[in-house]
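Read the structure below first, then the notes.
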């Protein structure tokens, strides 16, 4: 009887340790995914009847606050066109709009920036 009890106890210990290892790995994966910054960025035309130009839209998909450090367009030549740098170079330029804050504090917080450009960008 003791032999059967010892064997059963070993199996129960093995199953419990496997379940604990799986749960620990799952928890580690969730914590890793929770800390990553996830945003969705799209480029689209602003309504030409309201304001001509190109617009980029940023939406936060994470549960912690993130700050947008720089944003802009990728042009057909492969050059990166930074909107904050353009604004710093020519502060009197009125051909741009921004909506929202660059600090995305909650999930689904958004930031939009638009600008009239000579050529169409291929990305943001």
Subject >> Members of region 60-99 that are in contact (Cβ under 8 Å) with a residue 40 or more places away in the chain and closer than 19 Å to residue 39 by Cα >> reply: 60, 61, 62, 63, 65, 68, 71, 72, 73, 74
**OP:** Please give the number of the condition residue 113 fails out of (1) loosely packed, with under 15 Cβ neighbours inside 10 Å; (2) in a strand (DSSP E or B); (3) touching a helix residue (DSSP H, G or I) at 6+ places or on another chain (Cβ under 7 Å).
**Re:** (1)
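Looking at region 86-106, which of its residues are surrounded by 12 or more Cβ atoms within 10 Å (Cβ to Cβ) and assigned to a helix (DSSP H, G or I)?
First, the residues of region 86-106 that are surrounded by 12 or more Cβ atoms within 10 Å (Cβ to Cβ): 86-87, 95-98, 100-104.
The answer is 86, 87.
Where a number appears in this text, it was derived from the coordinates with a stated rule and is not lab data. Since the model is a prediction, treat every value here as computed from it, not as a measurement. Glycine gets a Cβ as well: all are built from the backbone with ideal geometry, and neighbour counts include every protein chain shown.
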